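Student: Here it is: the structure, laid out below.
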Amino acid sequence: MKIIEVKDYQQMSKKAAEYIIDKVTMLPSIKLGLATGGTPIGTYKNLITDHQKNGTSYQKVTTFNLDEYVGLSSEDKNSYSYYMKDQLFNHIDIKQANTHIPNGEAADFQIECNKYEQLMTEHGGIDLQILGIGSNGHIGFNEPGTSFASKTHTVNLAPSTINANARYFNRLEEVPTKAITMGISTIMQSKEILLLISGESKRDALFNLMNGPVNESSPASVLKNHPNVTIIADEAAVSLIRMESSMEND
Ligand code: PGA
């Protein structure tokens, strides 16, 4: 894993956008895996600005999102489908038909999960997966304890994830408790992974990723087994690693 350290959230967002723009320019028909949550919002803003200023085109790009809440319609402001349109898709020239997000209202979730996996396979797999990390080390909505062999599946969200996401809802009771997510093995199949980590609340997660063992109680630890992972992390997120290495050097 390669780690790029930057000063703050703004710098992380700028660097991540530059990274993605380079890839889209080199491979206009790139298959991108996309993440939601607070972390990539700044990255998406930079992609929009670049699209408007420099004309980087997404007409041939195909996207697959990591996850979606179970029970929310795509029109619901808290759905990830709505988020993606609002934060990115409505502001660039991507074709809506080329954007894919698991259906949180599927009649049969097993069929939906299988279909989503099949669709990714039919497209030749994901070239670049953008990832965030949960403070508990989750990737996508793969909570601690998820099998490394998992494919797209439905999950019960961990209480810490529900609490972390409550900031977007009026009341804690409104936060969905289930989601549909790419599995860990799905994520690991992408050819390249860009992991974005910002803020003090993520410093334990980054520390554990860098220093802890690879096992299923820490979903992100699996990334150590992937041949092409780049982490862009800001000072607040790396602070614990730095503290540790300066103590070792004393
Ligand atoms: P965040 O979530 O970007 O909102 O911090 C990341 C995650 O939970 O994977």
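Student: When the chain is fully extended, how far beyond the present Cα-Cα distance does ALA166 get from SER74, taking 0.36 nm per residue of separation? Numbers along the way, then the final one.
Tutor: Values: separation 92, 0.36 × 92 = 33.12 nm, distance 1.86 nm.
Between ALA166 and SER74, full extension yields an extra 31.3 nm.
Student: Listed here are the pairs LYS53/LYS85; LYS2/LYS151; LYS2/LYS85; LYS45/LYS202; LYS202/LYS224; which of them are more than 29 Å apart at the Cα? Mind dumping the intermediate values first?
Tutor: Details: LYS53/LYS85 20 Å; LYS2/LYS151 26 Å; LYS2/LYS85 31 Å; LYS45/LYS202 22 Å; LYS202/LYS224 18 Å.
Checking Cα-Cα distances, LYS2/LYS85 exceed 29 Å.
Student: Also, quick follow-up: So what's the net charge close to THR181: Lys and Arg +1, Asp and Glu -1, counting the other residues with Cβ under 14 Å from its Cβ?
Tutor: Numbers: positive: LYS151, LYS178; negative: ASP67, GLU68, GLU112, GLU117, GLU143.
Neighbour charge sum, excluding THR181 itself: -3.
Student: Now a separate question. Can you tell me what percent of all Cα-Cα pairs in the chain are more than 34 Å apart? All intermediate terms of the calculation are to be shown ahead of the outcome.
Tutor: Numbers: 3462 of 31125 pairs.
Percentage above 34 Å: 11.
Student: To continue, here is another question. At 1.4 Å probe radius, can you tell me the per residue accessible area of the chain in Å²? Spell out each step's value before the answer.
Tutor: On the way: 11550 Å² over 250 residues.
Using a 1.4 Å probe on heavy atoms only, each residue of the chain averages 46 Å².
Student: Give me the dipole magnitude in Debye, nearest 20, for region 132-242 about the Cα centre, with unit charges on the beta carbon: positive for Lys and Arg, negative for Asp and Glu. Mind showing how you got there, number by number?
Tutor: Values: 9 positive and 9 negative charges, 31 e Å.
Result for region 132-242 is approximately 160 debye, rounded to the nearest 20.
Student: If you roll a 1.4 Å probe over region 2-249 with all protein chains in place, what percent of the accessible area is carbon or sulfur?
Tutor: Values: 5590 of 11310 Å².
Of the solvent-accessible surface of region 2-249, carbon and sulfur hold 49 percent.
Student: Antiparallel DSSP bridges in the chain: what percent, to the nearest 5? Kindly include the intermediate steps, with their values, before the conclusion.
Tutor: Values: 8 of 30 bridges.
In the chain, DSSP labels about 25 percent of beta bridges as antiparallel.
Student: Using unit Cβ charges (K, R positive; D, E negative) and no other charged atoms, how large, in debye to the nearest 20, is the dipole of the chain about its Cα centre? Let's see the in-between values first.
Tutor: Values: 22 positive and 29 negative charges, 103 e Å.
Roughly 500 debye for the chain.
Student: When the helices in the chain are scored as -39500 (n - 2.57) per DSSP H run of 4 or longer and the sum is shared across all residues, what 222 nm value do you end up with, to the nearest 500 deg cm²/dmol? Could the numbers behind the result be given before it?
Tutor: Working: 8 runs with 90 residues, N = 250.
Rounded to the nearest 500, the figure is -11000 deg cm²/dmol.
The values are calculated or read from the model by the stated rules, or taken from the named source; none is laboratory data. A quick note: this is a predicted structure, and the numbers were derived from the prediction, not measured. Neighbour counts run over all protein chains shown; Cβ positions are idealised from the backbone, glycine included. Only protein heavy atoms, including side chains, enter the accessible area calculation; ligands, DNA and RNA are left aside. Shrake-Rupley method; radii C 1.70, N 1.55, O 1.52, S 1.80 Å.
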